[in-house]
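The values are calculated or read from the model by the stated rules, or taken from the named source; none is laboratory data. Keep in mind that this is a model prediction, so the values were computed, not measured. We place every Cβ from the backbone using ideal geometry, glycine too, and count neighbours over all the protein chains shown.
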Amino acid sequence: MAEKSILYDASKCTACRGCQVACKSWNEREAEKTTERGTLENPPDLSPQTWLKMELREVGNNGNLRWLFTRRSCMHCKDAACVKVCPTGALYYHPLGFVSYDRGKCSGCGYCKEFCPFDVPRLDTNRGSGLGRMDKCTACTTFGLDRIDEGYSPACVKTCPTGALTYGYRETLLTTGQARVQELIVKGYKNAYLYGDKEVGGTHVLYVLDDSPSVYGIVENPKVPGAAIAWQDVIKPLGYVAVGLVGIGLLLNVMVARAKMLNGKGEK
Ligand code: SF4
Ligand code: SF4
């Protein structure tokens, strides 16, 4: 199936935060208590209740001050570290390429949080049961709240009033994004850049930036930690072998015990 993506064009964003509110509203996330922190940016960080957060940043000096806006949420990596390390299969690839999540399967181990190169998953540990659960953006593919299966765009895209967010086939959005970057370069933004085309093998959320990623506070050259690769390629298979050996051991135990029992009966 052809992969789909979200294109975020920072040069068209006004930081109205309609996307942030639409995400909370559609995904039934609770409002969080906010405090005056001397910024329009709130809440202070992603959380189990805030899957998408707009970040506001002032750069430059007094004579040349710029206000830059960035979307902070899951990047829906093509080769996702979180999927590699998740031991329960709670994180998985949606047929359209997004990284979906089955909350019911999450054990709360927190490996996805440790290995994500973009520091996205957040653990909810305040549960009556004492069990933790991870939470993050699912690109509106959450079971029971699935907009994508119904043929709709994600809630954030649907609500964006400026056209900064677009939903569509990844190949098409890459072309759109590259064209926009060229347009910005011609306008004098010589460091304009399309983020997510190549980073960590490609992501399903793409950013058009009118300056280099570091100016926007976005991690340059993100890397999937080697331990995540080892986890998938070595430790997980070893785990399956160990589980298999335990199973074989148990089976042998049962067979031996049964043989002994039968022999015992024969001796009487
Ligand atoms: S950004 Fe992090 S949580 Fe999202 S898909 Fe990539 S590794 Fe997983
Ligand atoms: S809804 Fe659109 S313009 Fe408003 S903050 Fe989100 S991306 Fe920016």
Among the residues of region 8-17, which ones are away from ligand 1 (no atom under 16 Å from the Cβ) and within 20 Å of GLY168 (Cα to Cα)? ASP9, ALA10, SER11, LYS12, CYS13
Does LYS53 satisfy being among the charged types (D, E, K, R) and out of contact with any Leu (no Cβ under 9 Å at 6 or more places or on another chain)? no
Checking GLY97, GLY63, GLY151 in turn, the sole residue that is farther than 20 Å from GLU3 by Cβ, of a type outside the set (Val, Ile, Thr) and more than 16 Å from ligand 2 (Cβ to nearest atom) turns out to be GLY63
For the list (1) part of a helix (DSSP H, G or I); (2) under 23 Å from VAL219 (Cα atoms), I need the number of the one condition that ASP119 fails. (1)
Please find, within region 167-193, the residue that is farthest from TYR216 (Cα to Cα) out of those that are under 24 Å from the mean Cα position of the chain (by Cα) and without any contact (Cβ under 8 Å) to a residue 12 or more places away in the chain. THR172
Residue pairs, Cβ under 6 Å, 6 or more apart or interchain, first in region 16-36 and under 15 Å from ASP146 (Cα atoms), second within 16 Å of ligand 2 (Cβ to nearest atom) and part of a helix (DSSP H, G or I). List them. ALA22/ALA155; ALA22/CYS156; ALA22/THR159; CYS23/ALA155; CYS23/CYS156; TRP26/ALA155
Yes or no: SER73 within 16 Å of ligand 2 (Cβ to nearest atom), free of Cβ contacts under 8 Å to residues at least 24 places away in the same chain and surrounded by 14 or more Cβ atoms within 10 Å (Cβ to Cβ)? no
Within region 10-42, can you find the residues that are in contact with a Pro (Cβ under 7 Å, 6 or more places away or on another chain), closer than 30 Å to GLU183 by Cα and part of a loop (DSSP other than H, G, I, E, B)? CYS16
Name the residue that is nearest to the chain's Cα centre (by Cα), counting only residues in region 86-107 that are more than 18 Å from HIS204 (Cβ to Cβ) and buried (at least 17 other Cβ atoms within 10 Å of the Cβ). ALA90
Quick check on CYS19: is it within 12 Å of ligand 2 (Cβ to nearest atom) and either of a type in the set (Gly, Ala, Ser) or farther than 24 Å from TYR189 by Cα (or both)? yes
Among residues of region 58-82 being more than 27 Å from MET134 (Cβ to Cβ) and in a strand (DSSP E or B), the residue modelled with the highest pLDDT is LEU68
Since ALA139 meets every condition but one in (1) within 16 Å of ligand 2 (Cβ to nearest atom); (2) more than 19 Å from TYR8 (Cβ to Cβ); (3) hydrophobic (A, V, I, L, M, F, W, C), which condition does it not meet? (2)
Does GLY177 satisfy the condition of being within 16 Å of ligand 2 (Cβ to nearest atom), under 11 Å from LEU7 (Cα atoms) and surrounded by fewer than 19 Cβ atoms within 10 Å (Cβ to Cβ)? no
So is LYS236 outside the structural domain of GLN20 (by TED's automatic domain parsing), over 27 Å from PHE69 (Cβ atoms) and either surrounded by 12 or more Cβ atoms within 10 Å (Cβ to Cβ) or modelled with pLDDT of 70 or more (or both) or not? yes
Write out, first by first residue and then by second, each pair whose Cβ atoms fall under 7 Å of each other, whose residues are 6+ apart or on separate chains, and whose first residue, in region 152-165, is in the same structural domain as GLU28 (by TED's automatic domain parsing) and assigned to a loop (DSSP other than H, G, I, E, B) while the second is within 16 Å of ligand 1 (Cβ to nearest atom) and modelled with pLDDT of 95 or more. PRO154/ILE6; PRO154/ALA139; PRO154/CYS140; ALA164/TYR8
